[in-house]
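Here's the structure, in structure tokens; my notes come after.
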């Protein structure tokens, strides 16, 4: 045997790659409507680091979008206190501004009242009528 050191042939660990998100996924995580975002946001993938920076220190356009809208369907449903399916049944478009949401809440159409009653936590059924429960006496 020789005393010369052997060459290290083990595979070296690769440096971690920055994970990139599509603009649609980044907009969803930020809670904004993608078509309303600036062109530079929609044009290129967003890294996890950039997303964290946007969440920690939002730029003016993001703050304005979150405050005034247009809001994505999930945010509209949350603000109205209903499900996404309820919006479809009520004939609401995919996005609404904050002013449109307030107007709808002020008007309180019949479908919205019914859907809000259904959307309370649980199954949407009156207590004692859910599957597996005995009706209350």
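The values are calculated or read from the model by the stated rules, or taken from the named source; none is laboratory data. Please read all numbers here as calculations on a predicted model, not as lab measurements. Here Cβ is always computed from backbone atoms with ideal geometry, including for glycine, and neighbour counts include all displayed protein chains.
Numbers for the structure displayed
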read-out	value
Selection within segment 62-83 - surrounded by 15 or more Cβ atoms within 10 Å (Cβ to Cβ) and either over 23 Å from residue 111 (Cα atoms) or over 12 Å from the mean Cα position of the chain (by Cα) (or both)	62, 65, 66, 69, 70, 79, 80, 82, 83
Residue in segment 74-81 that is more than 17 Å from residue 28 (Cα to Cα), modelled with pLDDT of 85 or more and not in a loop (DSSP other than H, G, I, E, B) present	yes
All positions within segment 7-21 that are part of a loop (DSSP other than H, G, I, E, B) and touching a strand residue (DSSP E or B) at 6+ places or on another chain (Cβ under 9 Å)	18, 19
Segment 29-47 residues that are at positive phi and outside the structural domain of residue 77 (by TED's automatic domain parsing), paired with ones that are surrounded by 11 or more Cβ atoms within 10 Å (Cβ to Cβ) and outside any loop (DSSP other than H, G, I, E, B) (beta carbon under 7 Å, 6 or more apart)	31/66; 31/75
Condition met for residue 93 (under 17 Å from the mean Cα position of the chain (by Cα), within 20 Å of residue 114 (Cα to Cα) and surrounded by fewer than 13 Cβ atoms within 10 Å (Cβ to Cβ))	yes
Failed item, numbered, when residue 54 is tested on (1) more than 28 Å from residue 109 (Cβ to Cβ); (2) buried (at least 16 other Cβ atoms within 10 Å of the Cβ); (3) free of Cβ contacts under 8 Å to residues at least 12 places away in the same chain	(3)
Residue count for segment 84-117, restricted to those that are part of a helix (DSSP H, G or I), out of contact with any strand residue (DSSP E or B) (no Cβ under 8 Å at 6 or more places or on another chain) and under 21 Å from residue 69 (Cα atoms)	14
Single residue of 24, 4 found to be out of contact with any strand residue (DSSP E or B) (no Cβ under 8 Å at 6 or more places or on another chain) and closer than 28 Å to residue 119 by Cβ	24
